[in-house]
2 protein chains.
Amino acid sequence: MADTSTAPGNEALLFLTDDQLRKGIEAMFFAYRGFTADPDRILAEKSYGRAHHRAVHFINRSPGTTVNNLLSILGVTKQSLNRVLRTLIDDGLVDSRIGTKDKRERHLFLTETGAELEAELSTAQRNRMRAAFRQVGPDAVIGFRQVLEAMMDNDMRRHYTRLREATE
Amino acid sequence: MADTSTAPGNEALLFLTDDQLRKGIEAMFFAYRGFTADPDRILAEKSYGRAHHRAVHFINRSPGTTVNNLLSILGVTKQSLNRVLRTLIDDGLVDSRIGTKDKRERHLFLTETGAELEAELSTAQRNRMRAAFRQVGPDAVIGFRQVLEAMMDNDMRRHYTRLREATE
DNA sequence: CATTTTATGTCAGCCTTGTTGACATTCCAA
DNA sequence: TTGGAATGTCAACAAGGCTGACATAAAATG
């Protein structure tokens, strides 16, 4: 039943069987639920959603980033992002400053309140990640990241790498 | 700046720094986009969504599963699932059979057409997973799954494990 | 300088997929 | 026989995607 389309006939490639691949797929599905569960609970209390979390996260990571840059990281339309940004700005979590060099651009910053929310969300998310990392050890963590990085689209990997360059 | 809340003061735990954890978080975010990108394109052509993919995937994995079981795997409300199932049944992708033992239950099966869609979607998703796995090698794959499994909520891990038991 | 392009905002409307609440039906089980 | 479980269905609503259209300001280009 299993392994019809990609029988490797090679023991060294047994991790590429359809069963192994499906296992990876389902692991991603169930793990992503866990990955978002803790922030989701916090957000729900404050009647925000994942979209707000994403915006706040990346503004925190790249203070002063422009709307356009955020759009390309998040991969949504400006209308969609705008709705989320608007509520964050109106609620005083995000500060939008007109660019000095190019006055069409808006540069986005977290306010103190915004930074507090970001900290609360990312602490919750880091706690789970830390528990998982601690449980499995550093070698597994390296493998984890290698697979994830190999699974990204090129433009997403570009953003991912760029974020690393800025801070590490 | 980095590592304020969890400075380990221990080189062996450097993979638990806030920077490393954030790296894992962002890797999850960007990789999940890639993970869903290919199926999403196929689904969009047929005017289905991810919800349909999920339903079709798990019905394929556990033919004859009940609506209630599917609900607990997917973690949505019956009304939400029902809407998706209805379109799949109406479109002839899913067969819903009244239980013989308990006639209140509906047992769900993919029709031939449903199985074709499932195959198309999972082939696309496996292709990306296979490319990533092949690129990084079996040790990384083991680590990848260890971290994901450690990150799951307990009830999700239960479902994940149960699926493995049935087929492997 | 005139024109075009870019960056952004905003309005309106639509879709999917999630939610809650209410209520009907069927039927197993105590 | 009655209570509760499994399911279906209707209605309403919200978040957060999407498209299209249009306005504005400013940069870039001819």
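The values are calculated or read from the model by the stated rules, or taken from the named source; none is laboratory data. All values derive from a computational prediction rather than experimental measurement. Every residue, glycine as well, gets a Cβ built from its backbone with ideal geometry; the counts of neighbours run over all protein chains shown. Only protein heavy atoms, including side chains, enter the accessible area calculation; ligands, DNA and RNA are left aside. Shrake-Rupley method; radii C 1.70, N 1.55, O 1.52, S 1.80 Å.
Mind counting the residues in the range A:88-110 that are within 20 Å of the chain's Cα centre (by Cα), more than 12 Å from DNA strand D (Cβ to nearest atom) and not in a strand (DSSP E or B)?
So the answer is 1.
Away from DNA strand C (no atom under 15 Å from the Cβ) and open to solvent by 30 Å² or more (accessible area, probe 1.4 Å): which single residue out of A:103, A:46 fits that description?
A:46
Regarding the range A:58-70, can at least one residue be identified that is in contact (Cβ under 8 Å) with a residue 40 or more places away in the chain, more than 15 Å from DNA strand C (Cβ to nearest atom) and either assigned to a helix (DSSP H, G or I) or surrounded by fewer than 17 Cβ atoms within 10 Å (Cβ to Cβ) (or both)?
The answer is yes, given that some residue of the range A:58-70 is in contact (Cβ under 8 Å) with a residue 40 or more places away in the chain, more than 15 Å from DNA strand C (Cβ to nearest atom) and either assigned to a helix (DSSP H, G or I) or surrounded by fewer than 17 Cβ atoms within 10 Å (Cβ to Cβ) (or both).
If you go through the range A:72-87 one residue at a time, how many are closer than 21 Å to residue A:43 by Cα, near DNA strand D (Cβ under 10 Å from one of its atoms) and away from every other protein chain (no Cβ under 14 Å)?
Total meeting the criteria: 6.
Just the residues that are basic (Lys, Arg) and in contact with an Asp or Glu (Cβ under 7 Å, 6 or more places away or on another chain), please, taken from the range A:117-139.
A:126, A:128
Tally time: how many residues in the range A:116-168 are of a type in the set (Asp, Glu) and within 16 Å of the chain's Cα centre (by Cα)?
Going through the range A:116-168 one residue at a time, the tally reaches 5.
So, in the range B:17-43, exactly how many residues are more than 10 Å from chain A (Cβ to nearest Cβ), open to solvent by 10 Å² or more (accessible area, probe 1.4 Å) and not acidic (Asp, Glu)?
2
So which pairs qualify, if the first residue must be in the range B:84-99 and on the phi > 0 side of the Ramachandran plot, the second must be among the β-branched types (Val, Ile, Thr), the Cβ gap must be under 8 Å, and the two must be at least 6 apart or on different chains?
B:92/B:111; B:92/B:113
Report whether or not residue A:123 is surrounded by fewer than 20 Cβ atoms within 10 Å (Cβ to Cβ) and farther than 30 Å from residue A:47 by Cβ.
Criteria not met by residue A:123.
Quick check on my filter: what residues within the range B:53-71 are under 18 Å from residue A:33 (Cα atoms) and either within 13 Å of chain A (Cβ to nearest Cβ) or away from DNA strand D (no atom under 15 Å from the Cβ) (or both)?
Within the range B:53-71, B:53, B:54, B:55, B:57, B:58 meet the criteria.
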